[in-house]
Structures are given as structure tokens and as C-alpha cells.
1. Run the dipole for the chain about the Cα centre, Lys and Arg Cβ at +1, Asp and Glu Cβ at -1, nothing else charged, and hand back the magnitude in debye, nearest 20.
2. P(r) for region 53-131, please, calculated from all Cα pair distances in 5 Å bins and given in %.
3. Kindly work out what percent of the DSSP beta bridges joining two residues of the chain are antiparallel, to the nearest 5.
4. Relative contact order of the chain: what whole-number percent is it, with Cα pairs under 8 angstrom and at least 6 residues apart?
5. Can you give the accessible area per residue of the chain, in Å², using a 1.4 Å probe?
6. Taking a ≥ b ≥ c as the square roots of the eigenvalues of the Cα gyration tensor of region 41-92, is the shape rounded (a/c under 1.5), prolate (a/b larger than b/c) or oblate?
7. May I have the pair-distance distribution P(r) for region 2-117, computed from all Cα-Cα distances with 10 Å bins from 0 and rounded to whole percent?
8. Could you tell me the accessible area of residue 164 in Å² (1.4 Å probe, neighbours in place), rounded to the nearest ten?
Amino acid sequence: MSTGMHEDAEREMAARLLEHPAVAEAVVRGGGERVAYLVPDARHAPLLHRACRLEAEGRLDGLSWHEPEGALLVAQLNRTETDFLYREIFSDNAYLRHGITIPADGVVVDVGANIGMFSLLAAASAPGVRIVAVEPVAELARAAAVNAELHGADVTVLNHGLGSDAGEVDFTYYPNNSVMSGMYAEAAADRDVLRSYLVTGDGAQPGPQFDRLVADRMTTEPRRCAVTTLTDVVAEQKLERIDLLKVDVEKAEADVLAGIDAATWERIDRLVVEVHDLEGRLETVLALLDSLGFETAHDRDRRLELTPCYNVYARRPAAQTATRTAPHPAQETLTALSSAVLRRAGDEPGEAAVPDRCVWVADLSQAEGYAAPMARQQPGDAPRALTEAWTELFGAGSARPEADFFDLGGDSLTAVRLLARLESQLGEEVVEPDIVFTASRFGDLATAVEAGLAKRGRAGPG
């Protein structure tokens, strides 16, 4: 195709995309793979419009967007954790159980907020909810603030920890598994907990690759962390009541509860606390809450049965007890909207092709900052071992350059099986154990495998 014909085709594709009300501006670029750069319409796609603005302003800075289960757009550190948090909080409804609800105009304190996923659930649960999110890890606190702004939630993010007294403590941060970070983190014990969690999944295959993946997930980074008490937070934020206190602080829950004075306890109507049952802590916490006049219950996730982790639920007898399932915010999603835009363009009459994928941007000038898409890589260009392993996991026809490991249903255990297959065919350490978490598309993974083989000075089979 001549350059002029190529440009005419791109202009026609862009014109078709502009027919969708969610698209304010559009341009199509590329050769083998055509990419549509789209500016979302502020009125018809407000969530994506805010997301693009936040990204253009540099607010992500090491974070990335992800939509777990294609349902909720959030800023995140890594995909597997975000998927885990979404499943726990939204899909499995781990917190709004046993009579625990959030009333309209309620006040929620989210201790151990991580990227703010529970804060988003709380905001979606009832109108007028005010949330104070406490998170000691700076990167996670920043993600929580971005997510609150993105979804228009009333969240105040405090970047420190909670304990029995104010001060500073040593803190272990796991950048690849941030949900287990904490002041009482112990690398060996925490690796055992993660291993126990993973082996309860379907198809778990412990072995060298499994151990390498666990070790990679538990890479440590020491930090110093400012700590205050919940009593001080209540005073500083002028909280007259706490309708729900959620605590998930990785073995520091006893310290958080010890930092609550008698007057503050009187202001708390409901609690959900993750308790690590070490040296009888579960019974101790239940007894404390019983002595304070709460009705209690406890349970735990099926996949945590080999760990000491429980959730404790407590409420005042007079607190609202209506059963409520976790809400799913009714907002447009990146996945669904991209598909709808491409589908509508494809339904238009005429001969023009439809772009292969969409990239949403705040301004079309940003399209110039993206690398021009390279000609589409064919599956035969990848090492045969990768193609065969991928197809074995996901079925015939799945080894396409744009196919995403996680979108096809891959998880940590699937990654172990893929790594084991690659190493059996190509030798050990051709790729890093977490490669699918950084290069999840088949084409990108193929490039990484080729690079690993080249680095070792050998060619791939076939």
C-alpha cells in the first residue's frame, strides 16, 4: 500500500472511531499493528477522562492502570496483587459479612489501606461516606490518593502507620507482594505463609520454579515508618464516630487496638480486623471485643486455611445489621469501552479496517510520544518452546502477539507451570521468574525469551 493510501486508511479509521460518543478526538498510527489513540469525551466517559488527565499530569509515577476482572479501573503497583485485592474485597465480599454494613453518611477508617481498594468499596456502599485511609508505604498511599480522586471518593489518605504509641519503627516492604509488608515482617515466615496460600490453589506444583517465584515475590526492602495511634487520628481528623473500622496490618493488629483509648472505643460501632492467630491472639482479640460490648464472629478465606490468618467481625448490638453484598461501581471501564468503540467502528458500512487496539490519552500530542508500533510479530517468530508451552496452557490459537497471559486466565501458579516448561526446554534462568508479571503479552514474552537466549549465547530451538 502506498504512503498516501496508508494515510487515507488511517484517517478513515479515525473518522469511524469518532462516531462513538465516548471519543472526543482520534488518530490511528502504525504499520503491521494499527493503534488508535483516543481522547475520551469528558461528558460521556468521565472516568477515563480523569484517568488520562491524572496520567498526563505525572500522577502515576511508577504506578499503572489495571481493571481486575474488567470491572474497576484502579492505579496499582502490580497486577497479581490488584487481582487478589479485588477478588477478596469485591468478588468474595470479605468485609461486609456477619452483619457488617456501612450506613449512609457513615465514617470509615481504613487501616492498612494499600492502594485503597477497600476505601473504594466503602465509598460505593452508601451515599455520603467519609473515609480516612491509613497507609505507611508511600507508593501505596499515593495509589490510594489517585484512586480516590479518579472515582470521586471522599478519602483522606494518611501516609503513616498505626500502633500503640507515636514514633518511628523499622518496616519491611515487599515491593512485589506489598500486602504482606509490615513492621513485624519476617522473611522466612512470610515466605511460608505465601507458599501455603499458593499451594491451596488449583494445579499447584511445588518445585524449584515455584520456590524461585515465591522468593521473587518476597524480595525485601527495609524502611523507617512513622507511627501514630488511632486515638490521635480521631482527634486530628475530628471524628465524632467511626461507623466501621477496618484493620489489615500484617501482624500489627494488636498494636493498633492497643492504641485506642476508652473514649475512642465508645465511638466505634463496627470493626473488621485481620488477625494472625499467633500465640492465641485470635482468642485474645475476641475476648477484648466481647469485654467492650461487641458481638463478634470470625472466619477465613478457603485459600488461607494453611495460614494463621482470620477475619474478626464485631459490631455493637444496636448497629445496623442488614445483609449487604459488596457493590460493583457502575462506571464505564477501559476494557468494555475500548471493545465497544472498536465494535461500533467495525459495524460501520465500508471497506475500512478496524484498529487492532486502543490507547486512551489526554491529548493527541501524546500519541507522538508513544513508540511506533512494530510490524506484528507472528507466533512462529517466537521460540518453539514458548509457543508450545503457551498453547498447552491456553489452547490452540492462543499464541497471538497481543494475547495477554492474565486475560487468558493465567495466575501465579500458571506462571510456575510456564516457567517450568520453558526451563525444561531451554535451560534454567533463560528468563526471570516473574517475567509474565512484567511482559504479560505473548509477543513481549517472546521478545524476552529471545533476549535471554541471546544473552546466554545460544539460539532457541526451531
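The values are calculated or read from the model by the stated rules, or taken from the named source; none is laboratory data. It should be emphasised that the depicted structure is a prediction, and the values quoted were computed from it without experimental measurement. We place every Cβ from the backbone using ideal geometry, glycine too, and count neighbours over all the protein chains shown. With ligands, DNA and RNA removed, areas are computed over all heavy atoms of the protein, side chains included. Shrake-Rupley method; radii C 1.70, N 1.55, O 1.52, S 1.80 Å.
1. About 480 debye.
2. Binned Cα distances yield the sequence 3, 14, 22, 22, 19, 12, 5, 1, 0.
3. 55
4. Across the chain, relative contact order equals 20 percent.
5. Here the per-residue accessible area is 43 Å².
6. oblate
7. Histogram of Cα-Cα distances, whole percents per bin: 11, 27, 30, 19, 9, 3, 1.
8. Counting only protein heavy atoms, the figure is 50 Å².
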